[in-house]
Every structure is written in structure tokens, then in C-alpha cells.
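Trainee: The structure is given below, and queries will be raised subsequently.
The values are calculated or read from the model by the stated rules, or taken from the named source; none is laboratory data. Model, not experiment: these values are computed from the prediction. Heads up, the Cβs are rebuilt from the backbone with ideal geometry, glycines too, and the neighbour counts pull from every protein chain shown.
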């Protein structure tokens, strides 16, 4: 078994004290009044001996692990996969390691993941919470652990968050459809108490107040069966001329179902989707959609969290989205 190199080994190699080595390798050579030449010799010796710092011991001493816990709602969703990549890249710029988990839209799984991450002594959380998980978020706050919610938040939970302007973006996109001449719109979203879903629904209702429209809410755990049933009703009973999907997961599943039913978009029915997807690039006709600033969401969440870790301040940010309504030649 290979012996683990210690600070004492480095000290003995170049003939200095262990305390001096500790000062240099912890970045405190100025505090220890270590000369530049000596500091360089210490770092070189550490490199030659392949010294690996004991992060556990360091965390016990400082009370910090330099790790954060990121829990997204559904890692299989490309939106959240992109969020995870962005947060991991950005947190690395702050010298932080990101541990990633997925709640799969389950409040029970979120609670379990939070407990695991707390036992691993993460310094803070970035969470995209599932429905009915307010209690877990409140629990984190009660422990004094810094937290920033991303993409979603709860109106009555006082936490930091970064989200997009869901109501305004939805209203703008739906108004665009109306300007194109569509007068009988259907909205398909999830039956959820989450603020972002309520805001998107309200944006739709505000924009369609003077025309024919109807809202359909489906159960996340039964979406495959309920989505098809609702689309059939929209096509045959409501006879809508456009459908607005509230999320990219619903959009992709809805477009697939409509295609299977032989519906020609936009000739038979037009579609507007909230959030972008690479799938739209392969569709035979451009899909009108709202593009969220995923990269900025990820960056801002890390900035807000690291700020809270230092100053314990709550920040709430709303970012603008982009309406993509290009036409194909």
C-alpha cells in the first residue's frame, strides 16, 4: 500500500517546518511571512511528492466543503440537463464542486436527496422544486443553509430565486398568434401549484380575454394518456385553430401525437410552445416558441447562491425570454 504523503514529508524534504508548509499550501504564505523562493520550493516539493490535500480535514477546520447541491426536477428533460451543465461550469469558476441529483418531479424524492446532500455537508443548494415541496424548501431555510431556487419558485416561500418572465413571455407569444389571425386557442399545461405554471396560464388567459380560448390541465404522472385525450377533444369538440403547450415536454409529446393523427401544422392547426427544443429543428415547419435564457439562468443562480453564502442576503431575479417566430423559406 502506497503511503499517503503528509505535510511533514514535504517539510522534511526541504528542511522547513510543517507549519510553514501548511501556510503555503493553504495560500497563506503572506500571513506566515514566507519568502517567494521558499514558497516556490514548497510547492515544487509537493508536486514532486504527488501531495494530495486532505479535503475532509480541511472542511472540518473551516466548516466549508466547497461543494453545492444541485437538484433539478427532471434530468431527462433537455432543459434541466442544460441547466445542470451550466451550473456545474459556472460553479467551477468559483472553485466549487457541484453534486447533481434529480427529484423526478417527486417531493418525496426531493426530501430524500436534500437529506443525503446535507449529510455530505454541502455549502448551499440550487433547486428546481417539484410541486408540493414547500415544506422541504422551508426546512433548508430553517437550517440556515443558503439556497437559490431556479426556474420555479413558491410565492409564499421567502427564498432567493432566479426565474424567467413567464407571464409576460407567454402573453407576448399568445398575442403574436392572435395577430396572425388565430381566434380559438387551447392551452395545455400541468395541474400544478408551482408559480411558473400559474404565471404561464395567466399570461395565456390575459392575452385571450377577448377571444375564444380554453385551458386544459393534465396530471404529470398521467400525461401520456391525458394529453392524447385532451388533444382529441381540442380537435373534435373545441375545434381550436391553435394549441399552446406550457412546457417543452408537453410540446414534444403533443407534436408527436398531432403528427401521428395526420394534423398538418400550421395548415390544419398551429402550435406555440413554451421553451425551445432541438426537435423543432427537424420539424417540417418552423415551430413558434419561447426561448428561455438557460445559460443566464444557470449563471445567475450560482452568482446569487455564492453571494448568499458570503453575505446571507436574499435575491430575487426575473430574466427576459425571447419569442422565436422565424419562417422557413
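Trainee: Where the second residue is assigned to a helix (DSSP H, G or I) and modelled with pLDDT under 90 and the first is under 15 Å from residue 278 (Cα atoms) and lies in region 242-259, which pairs have Cβ atoms under 6 Å and are six or more apart or on separate chains?
Mentor: Note: pairs meeting the criteria are 252/279.
Trainee: When region 133-150 is examined, which residues are found to be part of a loop (DSSP other than H, G, I, E, B), out of contact with any strand residue (DSSP E or B) (no Cβ under 6 Å at 6 or more places or on another chain) and either surrounded by 15 or more Cβ atoms within 10 Å (Cβ to Cβ) or at pLDDT 95 or above (or both)?
Mentor: 133, 145
Trainee: Can you work out which of the residues in region 85-106 that are in contact with a strand residue (DSSP E or B) (Cβ under 7 Å, 6 or more places away or on another chain) and in contact (Cβ under 8 Å) with a residue 40 or more places away in the chain is farthest from residue 250 (Cα to Cα)?
Mentor: By that ranking, first place goes to 96.
Trainee: For the condition surrounded by fewer than 20 Cβ atoms within 10 Å (Cβ to Cβ), in contact with a helix residue (DSSP H, G or I) (Cβ under 9 Å, 6 or more places away or on another chain), in the same structural domain as residue 181 (by TED's automatic domain parsing) and modelled with pLDDT of 95 or more, what is the one hit in 299, 214?
Mentor: Values: 299 fails: in the same structural domain as residue 181 (by TED's automatic domain parsing).
From the options 299, 214, the qualifying one is 214.
Trainee: Here is a further query. Go through 286, 266 for me and flag whichever is out of contact with any helix residue (DSSP H, G or I) (no Cβ under 8 Å at 6 or more places or on another chain), in contact (Cβ under 8 Å) with a residue 12 or more places away in the chain and not in a strand (DSSP E or B).
Mentor: 266
Trainee: Residue 308 is checked against (1) assigned to a helix (DSSP H, G or I); (2) in contact with a helix residue (DSSP H, G or I) (Cβ under 9 Å, 6 or more places away or on another chain) and fails just one. What number does that condition carry?
Mentor: Evaluating residue 308 over (1) assigned to a helix (DSSP H, G or I); (2) in contact with a helix residue (DSSP H, G or I) (Cβ under 9 Å, 6 or more places away or on another chain) leaves (2) as the failure.
Trainee: Taking into account only those residues within region 246-264 that are over 16 Å from residue 228 (Cβ atoms) and surrounded by 19 or more Cβ atoms within 10 Å (Cβ to Cβ), which is modelled with the lowest pLDDT?
Mentor: 248
Trainee: Please work out which residue is nearest to residue 104 (Cα to Cα), limiting yourself to region 201-211 and to residues that are crowded, with 19+ Cβ neighbours inside 10 Å and more than 23 Å from the chain's Cα centre (by Cα).
Mentor: Going through region 201-211, the residues crowded, with 19+ Cβ neighbours inside 10 Å turn out to be 201, 203-204, 207-208.
Among the residues that remain, those that are also more than 23 Å from the chain's Cα centre (by Cα) are: 204, 207-208.
Working: 204: 27, 207: 32, 208: 32 Å.
In this case the residue turns out to be 204.
Trainee: Another question about this same structure. Taking the conditions exactly as written (part of a helix (DSSP H, G or I) and not assigned by TED's automatic domain parsing to the domain that holds residue 190), does residue 224 satisfy them or not?
Mentor: So residue 224 fails the test.
Trainee: Within region 6-29, track down each residue that is part of a loop (DSSP other than H, G, I, E, B), surrounded by 14 or more Cβ atoms within 10 Å (Cβ to Cβ) and at pLDDT below 75.
Mentor: Hits for region 6-29 are 26, 29.
Trainee: Among the residues of region 231-251, how many are closer than 17 Å to residue 205 by Cβ and assigned to a helix (DSSP H, G or I)?
Mentor: Summing the residues that are closer than 17 Å to residue 205 by Cβ and assigned to a helix (DSSP H, G or I) in region 231-251 gives 2.
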